[in-house]
Structures are given as structure tokens and as C-alpha cells.
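Each remark here refers to the structure printed beneath this line.
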Amino acid sequence: MSAEAARHTILVATTNPGKIRELRAMLDADVDWKGLSDFPGIGEVEEDGATFAENARKKATEYARATGLWTLADDSGLVVDALDGAPGVTSARFCGDIPPGADRKLIDRRNIDKLLELLKEVPLEKRTARFVCHLCLARPDKVLLETRGHVEGCIVDEPAGTNGFGYDPVFFVPALGKTVAQLEDERKNAISHRGNAIAEFKPLLNELLARSESID
């Protein structure tokens, strides 16, 4: 089989350009990457799982069935101890349901505002939190790969930094003395929850691609 014939197309199950950019850069695999915006007529998969793993599996398998493509989905979010694990699986829509076409930066700002309002009486030392990411790659009939990663930190009162999305501006990493949004891409990818999950995922994906003739 020629190299071109063996080349896969992988759908990244998100409309978030930040996630797509990170995944493409960090996996650096010889595939054609697509996002959900490349399939404007596709229905949205409801993320109604109780855990990050359940949501990632559901998105990966259902979008794979809808498109016929290998699909990489992640469910990731912020877990804050003082809020009993919230926002958790509702991290992206913590401020409420997101209407189609909503401005992502505005939604991020509203999510952060709600988070800080809930934590306003909580002292910094009790604002321990972690970002969690579960990655799942599926084809229409089965799950192919899964990995998980996390990074520990705490929530600060004032957003700082512009290199990131979501809760990155208020997630402070004590060991680095910065929020995630203050880190350069290379450093962020090296320590992030998604970076940790991808570090485990990358060699597994490369192995899978290398033997893809036997699984298609």
C-alpha cells in the first residue's frame, strides 16, 4: 500500500479551534485532520455522561458513526475541590447552555466570572483544583485508544495571560509561578492535562497507524 493510500483522515470532535490546534501540533501525525466545522450538517452529540471518560467515548463513537471517519474526542474540564468537583463535566457550559454560533471568548469569560463568584469567600489555600483530560479515538464500530491526563493547581482571583482558552487565565500552577495562560505553547503543552494525555496517546496512535492495514 502506498504512503498516500495509507494516510488516514481523523476527525477531531470539537468546534473549538484552540483544541484542534493543540492536538494537531502535539500529535504531529501523518494524517489529514478535520474538525466538526468541516461537517456543518452533522448533529451535535449530547454530552450527558457522568464522567469525562463517558463523554469522550460517546462523542468519539457517535461522530465516527455519523461520518465514517476515525474520530478523536476529548472531554476535559476543571475540577475544583471547594466546589465538590464542579464545574467538572459541565466546564464548557458552566454559565449555561451555549447557543449555536456563540462567541467562544465571551462564553469563557462568563464561565470564569461564575467560577470566581462561587469562590469569592474561599481562601486561596483552599482553592485547590486540577484540569483533567480523557482522550478517546474510535472508528464507527469500536473504541481504538484511550488515555487520561491531569495537572494540579489552584484558582486565583484575577485572570492573567492571553495564551490559552477556557479557564487557563485563572488556573495557577504554583511550581511555575504562573497561570496556564501565561505559559508559552511549548511549556504549556509539556505540563497541561491535555499534554499529559497526549504524551501517552501519541506513541499508541503512531503504532496504530503503522499497522492500520490490519484493522481497517
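The numbers here are math on the coordinates, done by the rules we state, and not lab data. Note that the structure is predicted; figures quoted are calculated from it, not measured. Every residue, glycine as well, gets a Cβ built from its backbone with ideal geometry; the counts of neighbours run over all protein chains shown.
Here is how the numbers come out for the structure above:
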quantity: Under the span-like rule (Cα at least 20 Å along the axis, Kyte-Doolittle mean at least 1.0), DSSP H helices of the chain; calculated: none
quantity: Loop GluC sites (Glu not before Pro), the stretch 14-68 (other Cβ atoms within 10 Å of the site Cβ: 10 or fewer; DSSP); calculated: Glu46
quantity: Non-local Lys pairs in the chain, i.e. 8 or more apart or on different chains, that have alpha carbons under 17 Å apart; calculated: 11
quantity: The chain: relative contact order as a whole-number percent, Cα under 8 Å and 6+ apart; calculated: 18
quantity: Radius of gyration and Dmax over the Cα atoms of the stretch 14-53, both given in Å; calculated: 12.4, 34
quantity: Extension gain from Glu186 to Val143, taking 0.36 nm per residue of separation minus the Cα-Cα distance; calculated: 12.5 nm
quantity: Top positive-direction residue, dipole computed over the chain with Cβ charges, set Ile10, Thr61, Ala160; calculated: Ala160
quantity: q = 0.16, 0.20, 0.23 Å⁻¹, the stretch 1-103: log10 I(q)/I(0) [Debye, one scatterer per Cα]; calculated: -0.78, -1.13, -1.37
quantity: Rg(Cα) / (2.2 N^0.38 Å) computed for the chain, rounded to two decimals; calculated: 1.04
quantity: Hydrodynamic radius of the stretch 115-190 per Kirkwood, over alpha carbon pairs, in Å; calculated: 13.9
quantity: Chain lengthening between Arg24 and Glu121 when straightened (0.36 nm per residue, less Cα-Cα); calculated: 31.0 nm
quantity: Cα centroid of the stretch 15-50 to Cα centroid of the stretch 146-208, whole Å; calculated: 18
quantity: 11 Å tail of the calculated P(r), the stretch 111-151, as % of Cα pairs; calculated: 74
